[in-house]
Amino acid sequence: MGKKPPANPELLPGTLYLLILRTLRSGPLHGYAIAKRIKDASEQGLDIEDGSLYPSLNRMLVKGWLAAEWGISENNRKARFYRLTPEGRKQLAREADVFDRLVLAIQRVMRTA
Amino acid sequence: MSLLKEIVRRAGYLGRRSQFDRELDDEVQFHIETRAEELQREGVPPAEALQRARREFGPRARMSEDTRSAWQFQWIEDFWRDLSYAERAFRKSPGFTAAAVLSLGIGVGANCVMFSIVDGTLLRPPRVPRPNEVVALVSTALDSNTTAVSYPDYAAVRDRSQSFEGLTAFIEVSTGFAARPGAVPLVKNGKAVTADFFDVLGSRPELGRSFLPEEDKVPGQDLVAVLSHQCWQEQFGADPAALGKQARINGIDFTIAGVMPARFADVDDDLMDDNACFFVPLQAATRLAGSMDLIENRGQRSLTVFGRLRPGVPMGRARAEVATIAGTLEKEYPETNRNRSMIVRTLIQFRSGGAAGITAGAIAMTIAALVLLIACANVAGLLTSRAPARAQEIAMRLAIGAGRPRLIRQLLTESLLLAAGGAVVGVAVGYIPIALAQHLATTVLPADPTPLPFDVDLRVLVFSVGLALASVILFGLLPAFRATRADLNSVMKSGGASAPPRGLLARLFRGRNVLVTGQVAISLLLLTTTTMLYAGVYKGFVTSIRNPGFQVDRLLAIDFEPSNVHHKDARAEQFFRDLVERLYRTKGVRAAAVVYQDVATIRPDSPLAHDDVKTAGVWTGEGFFDTLGIPILEGRGFQTADLHGPASVAVVNDVLAKHYWPGQNAIGKQIRLSTGQWVNVIGVAQIKAYMAFGTPPMDTIFLPYGRPKQRDIRLLVRSAADPRALIDPIRAVVRDLDPDQVVPEAMPFQAMFDAWIKGALLGLNTLGAMGVLGLVLALVGLYGLLAYEVSSRTREIGIRMALGARSGAVVRMVLQQGIALAVCGVGAGVALNWGLVKVLLAILGSGGSGGGGAPKPPEPNGGNQISFQAGSDTFGPHGFTILVIAVFIVTILAAWLPARRAARVDPNVALRAE
């Protein structure tokens, strides 16, 4: 399966989980809203392929980081809302920490000669 | 823990697949439409907005699959897919599937039957805790077959040995049992046991208590009984208030102290064992028998002894210790213990009766294993023949990226499906003879329903399924491995066919040819073995039952066991005399006699007799020869005068007369009995062997009825009409003579013999079926191989015929291979047989003691004797040659059919089809 040439940098593998967890920190959202918010928050710097969103969401459901239930969206349609579980919050903290340290380490390497 | 939760979450998906798909669709629809609305708000026209939204979303099929796989157990999904694929593939080739499943089923079925018999009678551990600690103590002697132990000997071992945690002795008793004093007594079996019986076996009563040690100390004092669960239900209606009540056993009142649980099964699951209804202390049994012999007489051996080894004590040490004690006893009590020793046996050895039973079991399992081997070769061959066709498919899947492990898993799943089919067919096939046998055992003799100890139970099922699995994996996986290793390029190019090797010899040694050759060879061996056993048992056992030497019709037998004979010694003797006399005066009775058997040690006054010999001894009264219709060749039978006073006359059978006085008249000759008394021969009866089946003619001596020592007494009655009509009149006579004497079940001889014959034939036919089935399987294998060769060489045959070859040449070409296979197979079979049959004859012909040629006649055992012999006289080299020729002919026939098909190949059709 071909990938379209990235206009924006590709996500490091595994960071999609981090982004989704962070996005849901302030409250439950449905799938479309999650994608939109990530795009907006990164000021269009990240363009995730919508097709990879739902597999990741479901994997996080299996792992117990998220819980989902059907509700009514702002445009009066039936939509599935995802929210963080306590285990999800812990996972967010863990992954954010790992990510920060990784970025710091890479930055240090880049700054050396 | 989190893994467990994850598994639980995933499990929630399993039942809701379609709902999940629908919800995902809804969610994606919502996503796309919301984006479309957003675009519309930015001014994009609706149709285009929707299109763009869809495009932005990306490929949905892939996404759906990825999403679903987040929830699935991957291996379950794979397994399910493999299973349905395999099932479809099998359904598309029904011939192959049927052949494979049936072959496997027959092989598994044969093993199912044999294992269920061997397991039920030998292997299955008794339902007691730590069964491998339980052993049996038996006595052995150089000059006798008795293995039971006497009480004083038992007590000596119990007191002097250190190896046993507990040692218990018991004897079965058949008594009149009345649930309440005054009720009509029924004949019930029980066991007289030492006080520690239940402790040694590790079982506690479910109600009340078992015996206290004090209760088994003084003979005849403590009259307590423990009931079996079944008896408690039947006789006392499972009433808990039965405890403390009295039951009358053989006219003596016993107090009921406890009830055993339903699952308590006796350890000696003997084929002849009836389940005990009650247990009484061994010392109390002296009251039942009316004599102290049971406890005091060291020479009377009638107890079975079981013990539990002390933890950590090996069998060898226990054996050595017991042997030492027995040696000491031999010195201390030479009159009773001369040449006697004692030995500790495992339960399997005990149940099998020594080497003979184990050998029989081994032979049975080997026969079944051979059938399975032939069947598996068929399955392997069938799978191999499919291999080239599958090779293309496998090569393609390998080429597009399927991993080898994945493919192997799929082939394994196919094998599993095949094994499952084979197991189901196998258990069904195996169940038939077992069910028939059980039906026979319980219905043919309604007076004595003894269910057989073997059945298709859980152990047998597990064994059968395991065997099917093992067979398929061993014989099916090998072709599978070879298939996955295929060279992709050449396989794809040649369309699946591999190049046939050149030359007849090279062709001969190809894998499948060796397989078929082996099949034919093994089936010949199988056929020889089963035919030999069949002939031996038929000629010996069945024929002698059909010709027992006396008249069987309208004959009734009633067996009195010593423990249920009410009066003892002199009064018993008088009772039976009176009984016979009264019976003669009863309407409908033609003749009657009382008889008991034992081993008689005699010395005939003849130059051919150098020492005391053991013969079959029959003690009886004057009506005996009339009652049974045994012809008297010379002299006369017994008369009333002969029966009073000590024995001074005897009748011998013609075998004995010819043995010791060949060419002379045996009348007037003298024989010395073991009592030292001399008797005159007054008659010669024509009977080869009395109540001994399957044995060669036996020396038999008939003596006047005296006082039997603890032996079964049989009342024989010849009736004028239907013997069953006499049962009630006989009971009336007995009751009249002695109201407290219980009358055991009466058996018409005809029915008994019919049952024995039916049983023997059932066993023989099952055995014979295995031999025939083995051959059939081998033939199917041969036919399959050649048919496959023909169809895979259709192109070549078409070319040959187009070039001018005549059909006869083509047939000859195929037949060549078939004949070569037949010759090799039969040749290998003959070679196999040469060595093995000699071994087999040696084992079967002399009951395990070695020696070839004609079998030794078995020792008389003083009662109904059943022997199975298969000497070289039942199946010699002539029979073998006939068998070889028959197998050869049938094999050629199986080869000829595909050859004919080859001849009918139309070259046009063959060359066009590709």
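Computed from the coordinates by the stated procedures, all read-outs in this text should not be read as laboratory data. Since this is a predicted model, take the numbers as computed values, not measurements. In this analysis, Cβ positions are derived from the backbone assuming ideal geometry, glycine residues included, and neighbour counts consider all displayed protein chains.
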Could you please state, rounded to a whole Å, how far the C-alpha centre of segment B:336-393 is from the C-alpha centre of segment B:8-56?
64
Once a ≥ b ≥ c are taken as the square roots of the eigenvalues of the Cα gyration tensor of segment B:332-397, is the result rounded (a/c under 1.5), prolate (a/b larger than b/c) or oblate (a/b not larger than b/c)?
prolate
Report, ordered by chain and residue number, the aspartates and glutamates lying within cross-link reach of B:K331, taken as a straight Cα distance under 18 Å and ignoring same-chain residues fewer than 8 apart.
B:D143, B:D153, B:D159, B:E321
Highest-first arrangement of B:876-889, B:653-666, B:94-107, B:541-554, where packing means the average Cβ count within 10 Å:
B:94-107, B:653-666, B:541-554, B:876-889
Average Cα contact separation per residue, chain B, under 8 Å, 6 or more apart, as relative contact order %
14
For segment B:152-160, in order, what is each residue's ³J(HN,Hα) by Karplus, 6.51 cos²θ - 1.76 cosθ + 1.60 with θ = phi - 60°, in whole Hz (x at glycine and Pro)?
x, 5, 4, 4, 4, 5, 4, 7, 9
I need the calculated FRET efficiency for the pair B:V184 and B:A148, taking r as the beta carbon distance and R₀ as 30 Å, to the nearest 0.05.
0.40
What is the average number of partner chain Cβ atoms found within 10 Å of a Cβ in B:48-61?
2
Under the rule of -39500 (n - 2.57) per DSSP H run of 4 or more residues, summed and divided by the residues of the protein assembly as shown, what mean residue ellipticity at 222 nm is obtained, to the nearest 500 deg cm²/dmol?
-17500 deg cm²/dmol
Report, as an integer, the average count of C-beta atoms from other chains found within 10 Å of each Cβ along A:75-84.
3
What residues from segment B:646-663 fall in the zone where the backbone N is under 14 Å from a label point 7 Å along the Cα-to-C-beta line of B:N680?
B:647-651
Any residue on another chain or 5+ positions along whose placed amide H is under 5 Å from the amide H of B:F164 is listed here as B:R310
Expressed as a whole-number percentage, the relative contact order of segment B:379-479 with C-alpha contacts under 8 angstrom and at least six residues apart is 45
For segment B:49-143, what class follows from the C-alpha gyration tensor (a ≥ b ≥ c being the square roots of its eigenvalues): rounded when a/c is under 1.5, otherwise prolate if a/b is larger than b/c, else oblate?
oblate
Net charge contributed by nearby residues that have their C-beta within less than 14 Å of B:Q221 (K/R +1, D/E -1):
-3
Want the number for B:L608 to B:E87: 0.36 nm per residue separation, take away the alpha-carbon distance, what's left?
180.0 nm
Label model pair B:Q230, B:R404: point-to-point distance (7 angstrom along the Cα→beta-carbon line) in nm is 5.9
Per its Cα gyration tensor (rounded if a/c is under 1.5, else prolate when a/b beats b/c, else oblate), segment B:657-787 is best filed as oblate
Zone reached by a paramagnetic label modelled 7 Å from B:R55 Cα along Cα→Cβ, restricted to segment A:28-62 with backbone N below 17 Å, covers A:49-51
If you take the beta carbon distance between B:Q670 and B:A369 as r and set R0 to 56 Å, what does 1/(1 + (r/R0)^6) give as a FRET efficiency, to the nearest 0.05?
0.50
Separation of the B:D25 and B:I343 label points, Cα + 7 Å toward Cβ, nm
7.8
Shielding by other protein chains, B:27-34, mean Cβ within 10 Å:
6
Determine which residues of segment B:121-158 fall in the zone a paramagnetic label at B:E335 would reach in this model, i.e. backbone nitrogen under 16 Å from the point 7 Å along Cα→Cβ.
B:152-153
